[in-house]
Amino acid sequence: MTVLFTVPHTWVWAEFGDVARVAANLVDPAGFLDAPHIAPNHIETGTGRLLSYRTIREDGVTSPKHRFFPGQLIYSKIRPYLAKVIQSPIEGLCSADMYPIEPYIEHRYLLYWMLSPSFTAQTSAHQTRTILPKINEQELSRIAVPVPPLAEQRRIVAVLDDLLSRWDVGSIGLATIARRVDRFRDQVMFLAGTGQLVSTNLVETASPPRAASVVDGELPGIPVTWQWKRLEEIADVVGGVTKDAKKQADPDYVEVPYLRVANVQRARLDLSEVTRMRVPAKKAAQLRLLRGDVLLNEGGDRDKLGRGWVWDEQIPDCIHQNHVFRARVRDGVLHPKLLAWHANGFGRRWFQVNGLQSVNLASISLGKMRQFPVPVPPRAEQETLVRTAETYLSLLDGMDRAVGAAGQKAVQLRASLLAEAFAGRLVPQDPNDEVASELLTRIRAEREATLPKRKMRTRRTPEKLTAPPTRVTDDNYQQEALPL
């Protein structure tokens, strides 16, 4: 038996299969079209919170799914979702990559253990090494579980329910603040890109030359001294290179770092992981990024279209892949940051309207990117506008960092709270409680008593089950027949 840490003498360490069972019940979703359908992305990581769900009909589900019932735990068995589990308040179907779990002990006690870092660390260590690593039913049954007396389980759950409900309120509040900071940042970028951050003398100036291939919609007002231009009028816009896997060993190619969509975030660059590829030397020279180049995403999720930022030569000889466009402003006619802020602000909606949407991805063509409408202020006004915008954005960045730090502390607090609970230090022990070893003995006896009786096999009497599948109730741990 695995022992992860010391527990009180009235507790025992048990295997997961001793305290719960996987209630696998694959069904054809065609008979449950209006039933709720839960997938791993409907569950918040590490909190046990159900974010949303859709019906089988809405999701267009056709492959077999697991049926689950109210009170059961629904656990995602596939990486990277091993920290996702809820106690279901409803009946429905869940992804085949999830397990409905029927606990024999206090349901919410097991839920909290499955949400703990100790449990997730074990499941990560026991997952199968496949293309999509997952933990199978056999490995799950061997995961260690600290089991207190039943009465203590309920005391622990009562305290955790109270404390973590308060934690949830604080966590939701932090998330709300983070969203507001993001909205303020989007608004500052929009106002900076259109001149409204420093001027109230706005008019509907002449639109850029008409382009039949794009839909501009209603353009915002800009100062009277500004002009609308198409991006191709003020910048050279080019696409990146496609990685040729077959020629990566070509000795005539040179190896260079390159930027992907993941590197080009909204108003920032994430250079924590920059990969490399081999390309022809001529192509590397053509696509080498220079200080002041504006990088704009060509594709990805719909909200990634056109997002980008300014290159500052952080990495020598870096190029960009085909899903990232490069706009190099000609003759200093527009400050690169003003272009980037405009693309991230006003451009957010424009790119979504003019992009193409497939089932999972969106993209915008190079031709349409070149037609992006850009307001151009007089050069004398640009530096002042950039400094003003940077002042506001730096304040928002500071708020964002503070919220992020508070969020990290909140995660650590939750983990510490669970660690205290499962080490037996959250609530006092009661010497009058039935010890956990006796609880497990009783559970084992009740399970054996309800196992289906097997008839003697003969040539005329095939083996068959004499009772339907069963489900354990939470209050008295008596078996009841599951709906078939």
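All of the numbers you see were taken from the coordinates with simple rules; none came from a lab. Everything quoted here is computed from the prediction, not taken from an experiment. A quick note on method: Cβ atoms are made from the backbone with ideal geometry, for glycine too, and the neighbour counts reach across all protein chains shown.
Under a model in which nothing but the beta-carbon of Lys, Arg (+1) and Asp, Glu (-1) is charged, the chain shows a dipole of about 1300 debye around its Cα centre.
In plain terms, the chain from Phe5 to Ser272 could stretch by 92.6 nm, reckoned as 0.36 nm per residue minus the Cα-Cα distance. Inverting the pair-averaged 1/r between distinct Cα atoms of segment 354-431 gives 18.8 Å as its Kirkwood hydrodynamic radius.
In segment 215-340, the inverse of the mean reciprocal separation of distinct Cα atoms equals 15.6 Å; this is its Kirkwood hydrodynamic radius. Rounded to the nearest Hz, the phi-derived 3J(HN,Hα) couplings of segment 32-46 under the Karplus curve 6.51 cos²θ - 1.76 cosθ + 1.60 (θ = phi - 60°) are 9, 4, 9, 7, x, 10, 10, 10, x, 6, 8, 10, 6, 5, x, where x marks glycine and proline. Near the amide H of Val254, within less than 5 Å, lie the amide hydrogens of Val279, Ala281, all on another chain or at least 5 residues away, with H placed in the peptide plane.
Of all complete DSSP H helices in the chain, those with a Cα span along the helix axis of 27 Å or greater and a mean Kyte-Doolittle hydropathy of -0.5 or more are 150-194, 379-422. From the alpha carbon centroid of segment 215-229 to that of segment 3-76 is 52 Å. For segment 3-121, the fraction of C-alpha pairs more than 24 angstrom apart is 26%. Placing a pseudo-label 7 Å from each Cα along the Cα-to-Cβ vector at Asp397 and Ala281 gives an inter-label distance of 3.9 nm. Applying both filters, DSSP loop and at most 15 other Cβ atoms within 10 Å, to the trypsin sites (Lys or Arg not before Pro) of segment 313-393 gives Arg330.
Taking label positions 7 Å along the Cα-Cβ direction at both Ala449 and Arg379, the computed distance is 9.1 nm, reported to one decimal. Simple spin-label estimate for Leu366 and Val411 gives 3.9 nm between the two label positions (7 Å along the Cα-to-Cβ direction from each Cα). The phi torsions of segment 134-142, fed into the Karplus equation with coefficients 6.51, -1.76 and 1.60 and a -60° offset, translate into couplings of 8, 9, 7, 4, 5, 5, 4, 5, 9 Hz, rounded to whole numbers, with Gly and Pro shown as x. The alpha carbons of the chain occupy a box of 89, 56, 48 Å along the principal axes, longest dimension given first.
State the extension gain, in nm to one decimal, for the chain segment bounded by Leu26 and Val254, taking 0.36 nm per residue of separation less the distance between their alpha-carbons. Walk me through the intermediate numbers first.
Values: separation 228, 0.36 × 228 = 82.08 nm, distance 5.25 nm.
Computed gain between Leu26 and Val254 is 76.8 nm.
Give me the dipole magnitude in Debye, nearest 20, for segment 166-259 about the Cα centre, with unit charges on the beta carbon: positive for Lys and Arg, negative for Asp and Glu. Don't skip to the end; give the middle numbers.
Numbers: 11 positive and 13 negative charges, 90 e Å.
The dipole of segment 166-259 has a size of about 440 debye.
Taking the charge dipole of the chain about its Cα centre, with +1 at Lys and Arg Cβ atoms and -1 at Asp and Glu Cβ atoms, the residue from Asn354, Val3, Leu385 reaching farthest to the positive side is Asn354.
Relative intensity of segment 83-163 on a log10 scale, I(q)/I(0) at q = 0.13, 0.18 Å⁻¹, equals -0.47, -0.87, per a Debye sum over C-alpha point scatterers of equal strength in the absence of solvent.
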